Amino acid sequence: MMDDTDPFLSLDPQGADWDRLRATGHHMLDMMFDNLRDIREQPVWQPLPDDIRTDFRHAPVPEHGMDATAFGEAFRETVLPYSVGNRHPGFMGWVHGGGTPVGMLAEMLAAGLNANLGGRDHAPVEVERMVIRWAATLMGFPETASGLFVTGSSMANFIAVIVASRAAKDGLSLRKNGVGGRSLVGYAACSAHGCVSRAFDLAGLGSDALRLVPLDNTFRMDTASLKAMIAADREAGREPFLVVGTAGTVDVGAIDPLDTIAAIAADEGLWFHVDGAFGAMAILSQQFREALSGLEKADSLAFDFHKWAQVPYDAGCAIMRDPAKHAAAFAQTLSYLSREDRGLAAGAPWFCDLGPDLSRGFRALKVWATLSVYGTQRLGQMVDHCCAVARHLAERVGSEPMLELMAPVTLDIVCFRLLDPALTEEQLDHLNGEVVKDVQESGLAAPSTTRINEHLVIRAAIVNHRTMAADVDRMVDAVLSFAAKRRSGLPA
């Protein structure tokens with residue numbers, strides 16, 4: 001039996017070491033505040049040096065501990081300068097939120113509390129329920145809707161596919177018998193995020209069970225094609241059960257005609273799900289709210305607070321209109337997870353009844369902090385600002401004879417490409433791709449690429465609240481500069 005006089009009582013420091021740890025913590029906090037304050041003076045992105053990469057890949061498992069101050073210095077030297085760069089105003093390549101200092105502090109509080117939100121009766125669970133209720137209300141769902149926080153929209157879409165399949169006729173039998181004997185099929189526009197197809201794969205339905213509907217000339221789902229595909233599948237003896245609309249496509253930011261899709265789903269008896277990973281947050285904007293008409297009619301919704309709402313990663317959210325159908329898809333009765341009428345095991349239903357995770361972090365705290373400190377009005381103004389910067393970028397592209405706008409700017413994503421009549425289409429694709437890498441490696445900005453109508457194009461997503469018109473102008477200047485160097489044969 002262990003003696004209480006043993007010096008190793010726990011992993012917490014003893015006695016005066018608390019003062020030293022406090023000083024170290026304050027130093028780390030100051031380091032991060034200084035880094036955020038001076039973010040514009042740093043490169044957007046820079047490659048990880050080979051020696052640091054090699055050290056990471058070959059470092060042995062630590063046998064003896066190191067001082068916490070030394071660990072903080074290791075982070076400062078080997079990680080902090082070489083992150084993905086999404087906090088920087090020049091980061092525009094992917095739909096990543098920029099985070100906030102308030103969110104960073106909330107993460108610290110959550111880590112200190114170290115709560116498991118799989119279930120049981122404690123305050124963090126009530127906080128998540130409160131924020132889910134807020135989220136449902138913001139999106140036009142009833143307050144009685146259920147939901148939970150997950151890693152991101154990939155998991156939220158997966159959960160929605162599971163719930164929708166179990167809500168189909170005799171769908172609950174799938175929990176015991178599997179999906180092998182059914183020909184369930186669903187529908188999404190061919191511009192839908194790849195995680196929707198992956199959800200069908202992981203759910204055992206098969207990725208081919210997701211029918212990809214063509215787009216119209218505005219890059220939105222062609223609803224006439226949707227109706228024809230549903231009819232063809234029924235004629236072939238298949239079981240349509242789900243249609244997915246997208247609010248903010250990943251390539252150009254288009255919003256599917258949600259109202260029309262909702263009506264088709266209702267007429268056909270299908271579950272209507274919306275993937276609103278980043279675009280759903282436009283609901284906070286008075287200017288763009290109408291573009292999301294029909295979102296409130298969905299049976300389920302997936303979206304991310306860690307994108308346009310600027311909450312630190314990760315903070316995905318799944319909302320289900322019908323709590324009973326949601327719980328029926330996941331709930332289990334296990335002796336070691338028994339629910340009681342009082343005590344710590346009270347408070348049912350638990351969040352582990354609503355998704356695949358039993359161990360769950362306190363993601364809701366940073367969302368609560370963000371909504372409480374900034375408020376939905378200010379966050380809506382931030383959405384308006386991002387979209388205004390995107391329109392400025394589109395106007396700048398239109399004013400440059402060597403650039404071409406490749407898709408309408410619905411929200412905050414701008415797709416354009418370099419032009420050169422002397423080059424073939426293949427050479428133009430190569431030029432655009434290489435220039436994007438040149439700009440990224442310069443540290444000036446970080447756009448990305450996608451394909452529009454078979455063309456490789458430059459893509460800029462204005463999601464960071466720190467991004468201003470001058471930042472997108474700097475990106476365009478860099479694109480034109482590196483393109484000129486490549487045309488002249490000079491080193492980039």
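Here the Karplus relation 6.51 cos²θ - 1.76 cosθ + 1.60, evaluated at θ = phi - 60°, turns the backbone of the range 218-234 into coupling constants of 10, 6, 10, 4, 7, 6, 5, 5, 4, 4, 5, 5, 4, 4, 5, 5, 5 Hz, with x for every Gly and Pro. Per-residue accessible area (protein heavy atoms, 1.4 Å probe) orders Glu404, Glu126 as Glu126, Glu404, starting from the largest. The Cα trace of the range 346-460 gives Rg and Dmax of 21.0, 72 Å, the first to one decimal, the second as a whole number. Pairs of C-alpha atoms in the range 136-266 farther apart than 20 Å represent 47 percent of all such pairs. Fully extending the segment from Lys437 to Asp67 would add 129.3 nm, taking 0.36 nm per residue of separation and subtracting the current Cα-Cα distance.
Mean 1/r over all different Cα pairs, inverted: what Kirkwood radius does the range 85-180 give, in Å? Its Kirkwood hydrodynamic radius stands at 16.8 Å. What the Cα atoms of the chain give is an Rg and a Dmax of 24.9, 83 Å.
In order along the range 459-474, the Karplus-derived 3J(HN,Hα) couplings, from 6.51 cos²θ - 1.76 cosθ + 1.60 at θ = phi - 60°, round to 10, 10, 10, 9, 10, 6, 5, 7, 6, 10, 4, 4, 5, 6, 4, 4 Hz, and Gly and Pro are given as x.
Which whole number in µm²/s is D for the range 365-432 by Stokes-Einstein, with the Kirkwood Rh taken over Cα pairs at 4 °C and 1.567 mPa s?
For the chosen part, D equals 90 µm²/s.
Among the GluC sites (Glu not before Pro) in the range 216-310, none sits in a DSSP loop with a Cβ that has at most 15 other Cβ atoms within 10 Å. Our estimate of slack between Asp38 and Ala422, defined as 0.36 nm per intervening residue step minus the Cα-Cα distance, is 134.0 nm. Under 5 Å from the amide H of Tyr187 lie the amide H atoms of Arg211, Leu242, Val243, Val244, each residue being 5 or more positions distant or on a separate chain, with H modelled from the backbone and absent for Pro and chain starts.
In terms of overall dimensions, the C-alpha atoms belonging to the range 272-394 reach 59, 32, 20 Å along their principal axes, ordered largest to smallest.
Taking amide H as placed 1.01 Å from N in the peptide plane, the amide H of Thr449 sits under 5 Å from that of Arg459, each at least 5 places away or on another chain.
Taking Thr260, Thr246, Thr333 and ordering them by how much accessible surface each has at a 1.4 Å probe, largest first, produces Thr333, Thr260, Thr246. In terms of Cα to Cα distance under 18 Å, which aspartates and glutamates are near enough to Lys307, apart from those fewer than 8 places away along the same chain? List returned: Glu107, Asp251, Asp275, Asp384, Asp412. Couplings for the range 356-370, taken from phi via the Karplus curve 6.51 cos²θ - 1.76 cosθ + 1.60 with θ = phi - 60°, read x, 8, 8, 8, 9, x, 8, 4, 4, 5, 6, 6, 4, 4, 5 Hz in order; Gly and Pro are left as x. Since only Asn177, Gly152, Ile162 are under comparison, the one whose Cα sits farthest along the positive direction of the charge dipole of the range 150-201, derived from C-beta charges on Lys, Arg, Asp and Glu, is Asn177. Across the cross-link table entries Lys169/Lys227; Lys169/Lys297; Lys297/Lys366; Lys227/Lys366; Lys169/Lys366; Lys176/Lys366, which are compared at the Cα atoms, the separations over 31 Å belong to Lys227/Lys366; Lys169/Lys366; Lys176/Lys366.
The values are calculated or read from the model by the stated rules, or taken from the named source; none is laboratory data. Owing to the predicted nature of the structure, the values given are computational and were not obtained by experimental measurement. Glycine also receives a Cβ, built like all others from the backbone with ideal geometry; neighbour counts cover every protein chain displayed. Please note that ligands, DNA and RNA were not included when accessible areas were found on the heavy atoms of the full protein model with its side chains. Shrake-Rupley method; radii C 1.70, N 1.55, O 1.52, S 1.80 Å.
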